[in-house]
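For reference, the structure is listed below as structure tokens.
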Amino acid sequence: MFSLAFVLSLAQATPAQASPSPAPSPLASPSVLIAQPALANLHPAGLRQPPVVVAISNATGALSATLDAAVATANVDQTNHTITLQGTQQTGRATLHVSDAAGAAIDLPVRNAYDAGTIASSVTLKVTGDPLDPAWLQTQIAQALGRATLVQPGLTAQFAGYALPPSLPPGSVAAIAVPVQIPGGDAYYDASGTTNVSVENIVASGFAPPVLFYDDDPEKVDAAGVLYRGRIAPGTPTRLYYYHENGGDPHDLLLVLSGVSQDPTSVQVIDSTAGPNIDVLSVGHAVTKNFLLTKPQNEGTIVDLPQTEPYLVHDLKMQRLDGVAGNVDLRVMSGGAVTVTVLAVPPLPAGFTPPVSQIAPYLDQPQLPGDGHHRTGVFALAGYGVDQLTYRAGGQDVFARYGATTPPSADPNAPGHDYGDYGVLHRIDLTLDNPTAAPVSLYLYETPQGGVLRSSFLVDGTLHEVGCTRVPNRYLIAALPPLGPGEHRASTVLTMTDGGSSYPVEVGVTATPPATTAPPIGAPDGCFPKPVAAPVF
């Protein structure tokens, strides 16, 4: 037992401890707010898109919602703790700041924008051709999709990731599912989907148009208006050749088809168009090359013309000094006559087919005045542009010359002409004889005689291109298969004059090897020789 003195000593040695006071209750911590969805993508008012309803979880008391930009309206439902967002006419991005009575807060990204475009669910494409070149068919599918896909100005639709049928002979149909992507960038929502393309290869015979519409006057486009207008009658297929260079201000060059009768009208279109490009030689060369590849196969499209509005074949957007050219065969397959118009208009919005209302006012205007060169008119093609050459081994070289005359005018009193044979498909039928006992090597050559020249030739179905030439030397087009002893053979050459090139030109057969390649552009004998510096003494 402890003594009383010991207990007292402990009491004196240990200070008294104060009794603890009750601590005040802590304030409630703000909860973490949760928004569902965590962002809001809206569409501008008037598009009948449903609003976005954002549910806020873990909120205490009343909600407050504010936007830092007027791209939307925000209505708060305090009972259910939801916020309804509706897009306004103002597009752009904003932040929605949400807070509750306890001070908890959350920010949501809000975007108000249009879709990058509208993707068609299905498209029908009617083509002709036997056989169909896959690259050509892919181009036609892309063009058909381009017409059917509504794209916002400045954007481009992408069509990729689909397979073509292994073959599509005349009379057959193929269904092709094409993925479509329209990147919207920062201004629009991306759009994606699939368009089901039904491709039908219509049975159609080949045809040789007896009539040529030639449009190169005025050559330079300096004003909006009609550059050329012609009417295609049923039963009279027609070829249109157009060639224009833009002046100083931008213009859109349009190729437009319009039905004349109220009957449903369809037109076969075999089209080779190139440009716009400031290099007019390359434009003219591309037209010839592509036409030689498509026309013999009868590769074209069949257009069902709307009865109440024109049909836009091309919208070519020309900047200063750009050149465009086209060679287009047109045949009415059913219905009444069709008017074809080449039209220059002020620049139209890019990225989608312009509304008819924007081009209709120009279609009925009078044709623009010519430039005085009279490179225009209607010409007869039947029997024109055909040559026969017979080469006999050991004899003289043979040749044909073209591009110096003009096809006969359909109106003898019209002042127009087509010197250069632009739009004329020339055919040279070769007869090759070798009466000797030894094989003979033969060469097809060209000789420029009018200045700078580029050329394409289809020799027995094979394309051969010649580079840019100018000096009147012989240049190789193709080495013909050797002619065996006693052999007699026929060969066919198809060609057209290139827009931008100068004529006449000589094409012939020889046993003497010509120059195998065109000279460099800047060489002394090239198309555009560079000046030689004067010697320094």
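The values are calculated or read from the model by the stated rules, or taken from the named source; none is laboratory data. Remember, it's a predicted structure, so these values are computed and weren't measured experimentally. Glycine gets a Cβ as well: all are built from the backbone with ideal geometry, and neighbour counts include every protein chain shown. For accessibility, only protein heavy atoms count, side chains too; no ligands or nucleic acids. Shrake-Rupley method; radii C 1.70, N 1.55, O 1.52, S 1.80 Å.
Mind checking which residues of region 266-283 are open to solvent by less than 30 Å² (accessible area, probe 1.4 Å) and either assigned to a strand (DSSP E or B) or in contact with a His (Cβ under 6 Å, 6 or more places away or on another chain) (or both)? First the steps, then the outcome.
We begin by selecting, within region 266-283, every residue open to solvent by less than 30 Å² (accessible area, probe 1.4 Å); these are 266-270, 272, 274, 281, 283.
Result: Ser266, Val267, Gln268, Val269, Ile270, Ser272, Ala274.
Of all the numbered requirements in (1) surrounded by fewer than 18 Cβ atoms within 10 Å (Cβ to Cβ); (2) free of Cβ contacts under 8 Å to residues at least 40 places away in the same chain, Thr406 misses one, and that requirement is (1).
Which one of these is open to solvent by 10 Å² or more (accessible area, probe 1.4 Å), of a type outside the set (Lys, Arg) and under 25 Å from Pro349 (Cα atoms): Pro234, Pro250?
Testing whether each residue is open to solvent by 10 Å² or more (accessible area, probe 1.4 Å), of a type outside the set (Lys, Arg) and under 25 Å from Pro349 (Cα atoms) leaves just Pro250.
Gly92 meets all of the listed conditions (1) surrounded by fewer than 13 Cβ atoms within 10 Å (Cβ to Cβ); (2) farther than 17 Å from Pro30 by Cβ; (3) not charged (D, E, K, R) but one, namely (1).
With respect to the conditions (1) open to solvent by less than 70 Å² (accessible area, probe 1.4 Å); (2) among the polar types (S, T, N, Q); (3) under 30 Å from Gly117 (Cβ atoms), Asn41 lacks only one, and its number is (1). Collect the residues in region 284-305 that are in a loop (DSSP other than H, G, I, E, B) and either over 26 Å from Ala148 (Cβ atoms) or in contact with a Phe, Trp or Tyr (Cβ under 7 Å, 6 or more places away or on another chain) (or both), keeping them in residue-number order. Matches in region 284-305: Glu299 only.
Residue-level check: of (1) closer than 23 Å to Lys317 by Cβ; (2) loosely packed, with under 15 Cβ neighbours inside 10 Å, Pro435 misses just (1).
Cβ separations smaller than 7 Å between residues 6+ apart or across chains give the following pairs from region 236-250 residues that are at negative phi to residues that are of a type in the set (Asp, Glu) and in a strand (DSSP E or B): Pro237/Asp329; Arg239/Asp329; Leu240/Asp215; Tyr241/Asp215; Tyr242/Asp215. A single entry from Gly377, Gly370 fulfils the requirement of being under 14 Å from Tyr228 (Cβ atoms), open to solvent by 40 Å² or more (accessible area, probe 1.4 Å), touching a strand residue (DSSP E or B) at 6+ places or on another chain (Cβ under 7 Å) and not aromatic (Phe, Trp, Tyr): Gly370. Residues that are open to solvent by less than 70 Å² (accessible area, probe 1.4 Å), more than 9 Å from Leu63 (Cα to Cα) and out of contact with any His (no Cβ under 9 Å at 6 or more places or on another chain) within region 95-111 comprise Thr95, Leu96, Ala102, Gly103, Ala104, Val110, Arg111, listed in sequence order.
Only strands (runs of 3 or more DSSP E) whose full extent lies in region 306-413 are considered here, and the ones with at least 1 residues that are in contact with a helix residue (DSSP H, G or I) (Cβ under 8 Å, 6 or more places away or on another chain) are 311-318, 323-334, 338-345.
For region 90-124, the set of residues classified as under 16 Å from Val52 (Cα atoms) and in a loop (DSSP other than H, G, I, E, B) consists of Thr91, Ala113, listed by residue number.
Being touching a helix residue (DSSP H, G or I) at 6+ places or on another chain (Cβ under 9 Å) and basic (Lys, Arg) is a property that does not hold for Arg474.
Conditions tested, residue by residue: (1) surrounded by 20 or more Cβ atoms within 10 Å (Cβ to Cβ); (2) basic (Lys, Arg); (3) in a loop (DSSP other than H, G, I, E, B); (4) touching a helix residue (DSSP H, G or I) at 6+ places or on another chain (Cβ under 7 Å).
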| residue | (1), (2), (3), (4) |
| --- | --- |
| Ala144 | yes, no, no, no |
| Pro153 | no, no, yes, no |
| Leu164 | no, no, yes, yes |
| Gly171 | no, no, yes, no |
| Ala175 | no, no, no, no |
| Gln181 | no, no, no, no |
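For first residues located in region 374-392 and of a type in the set (Val, Ile, Thr) and modelled with pLDDT of 95 or more, partners that are open to solvent by 80 Å² or more (accessible area, probe 1.4 Å) and assigned to a strand (DSSP E or B) and lie 6+ apart or on another chain with Cβ distances below 6 Å form the pairs Val386/Arg427. Restricted to region 443-537, the set of strands (runs of 3 or more DSSP E) holding at least 3 residues that are more than 29 Å from the chain's Cα centre (by Cα) and crowded, with 20+ Cβ neighbours inside 10 Å comprises 475-483, 505-510.
Given the structure, is Asp411 open to solvent by 70 Å² or more (accessible area, probe 1.4 Å), within 29 Å of Val226 (Cα to Cα) and at pLDDT below 95? Spelling it out, Asp411 is indeed open to solvent by 70 Å² or more (accessible area, probe 1.4 Å), within 29 Å of Val226 (Cα to Cα) and at pLDDT below 95.
Applying the selection to region 56-72, what residues are part of a strand (DSSP E or B) and open to solvent by less than 30 Å² (accessible area, probe 1.4 Å)?
Looking only at region 56-72, we keep the residues that are part of a strand (DSSP E or B), and these are 56-57, 64-67, 72.
The answer is Ile56, Ala65, Ala72.
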